[in-house]
1. Going by how many other Cβ atoms sit within 10 Å of their own, how do ASP187, ASP64 line up, fewest first?
2. In terms of Cα to Cα distance under 16 Å, which lysines are near enough to LYS23, apart from those fewer than 8 places away along the same chain?
3. Straight-line reach only, C-alpha to C-alpha below 16 angstrom: list the aspartates and glutamates that LYS73 could link to, leaving out same-chain residues fewer than 8 apart.
4. Please arrange GLU326, GLU298, GLU192, GLU27 by counting, for each residue, the other beta carbons lying within 10 Å of its beta carbon, fewest first.
5. Quick one: if you stick a label point 7 Å off each Cα along the C-beta vector at GLN227 and ASP102, how many nm between them?
6. For the chain, what relative contact order do you get, as a whole percent, if you take Cα pairs closer than 8 Å and at least 6 residues apart?
7. Within 13 Å, Cβ to Cβ, of LEU103, how many net charges do the neighbouring residues add up to if Lys/Arg are +1 and Asp/Glu are -1?
8. So what J values fall out for the range 10-20 if you push phi through Karplus, 6.51 cos²θ - 1.76 cosθ + 1.60 with θ = phi - 60°, rounded to Hz, Gly and Pro as x?
Amino acid sequence: MDKTNDSLITVIGGGSWATAIVKILSEGENSQIKWWLRNSEIADYITKFGHNPKYLSDVNINNDKVKVFTDIKEALSGSQYVILVIPAAFLQQSMSSLLIEDLKNKIVISGIKGMLPEKNILITDWLEQNFHVSAENIAVIAGPCHAEEVALEKQSYLTIASKNIQTASLFADLITCRYIHAFPSQDIYGIEYSAIMKNIIALACGITHGLGYGDNFQAVLVSNAMQEIKNFVDTLFPTYRDLTGSAYLGDLLVTAYSQFSRNRMFGNMIGRGYSVKSAQVEMNMIAEGYYAVKSVHEINIFYRLDMPIVSAVFNILYNNASPAREMITLRERLR
């Protein structure tokens, strides 16, 4: 595939990260974007006014380069690249009308930092199993890159991971612009699982903040979390990887500390006494860590790894454990 030719890219999803990715891609001279949204009213608004009224409403959508669709098959037709930016819990429903042929010979990139609930499988594995997308044509987007800062054109760094380094490199070139720096990697499983884990850690950080713990404790929590992530990822997919890289440690730090982190925000509400349902209603956004912690907990039933932070968050969210008591128990385990 000649990267100097125009690239037709389909973005699936209408949230803040999808809006940010559309903005980034529309900066490229050789890219045309087909954007699928479920909500027809929002789709019509974007086509008419060039803004997403629900997410990142200050972002200008270049309608000369971006065409909006509500028919997912029409949005996919003719595209070389497909980017999935839908919360993991809603992915199967959103793609239920698609056939294997609809993704045939396309490069599919997951911008979803979660795994399929109940099935407990990675998005990349689901694409291979259900749509027979070749592993060579699958990639993931990772890195410390909040949609809100993309909207402000703050300097940000992304990693594009694929088993096929050429696939990763081609898409890294497409998504690079004056405020986005993108780099290829082949550690697709390590990066995908690290992105899932960091959402769970951000929940823990939010819970401790809501309970009144300070920066000193959070620093210890995050450093211990890095060890927990390493133990988990290296056990599931053993290979050499430098977890101090931006796709691992960088993504963990920004999600654990940033005001824009929805997982930290969700955890903060739980720490302050909100129920899970009331926190979900008030946020009106998906915190991927809520689903991820159940999946990781269930996966670890087989591996029996020592994962005290994951266990604490799971007990609080799914076993109705007291956040205060659970964190007292956890703090005795940290070093």
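Coordinate-derived values only; no laboratory data. Note that the coordinates shown come from a computational prediction; the quantities given were computed from them, not determined experimentally. Positions of Cβ are generated from backbone atoms using ideal geometry, with glycine treated the same way; all protein chains shown enter the neighbour counts.
1. The most exposed by this proxy come first: ASP64, ASP187.
2. The qualifying lysines are LYS34, LYS54, LYS65, LYS67, LYS154.
3. The qualifying aspartates and glutamates are GLU101, ASP102.
4. GLU298, GLU27, GLU326, GLU192
5. Between GLN227 and ASP102, the label points sit 4.6 nm apart.
6. Once normalised by length, the contact order is 15 percent.
7. On the way: positive: LYS73, LYS104, LYS106; negative: GLU101, ASP102, GLU128.
Summing Lys/Arg as +1 and Asp/Glu as -1 gives 0.
8. For the range 10-20, the Karplus-derived couplings read 9, 10, 9, x, x, x, 5, 5, 4, 4, 5 Hz, x marking Gly and Pro.
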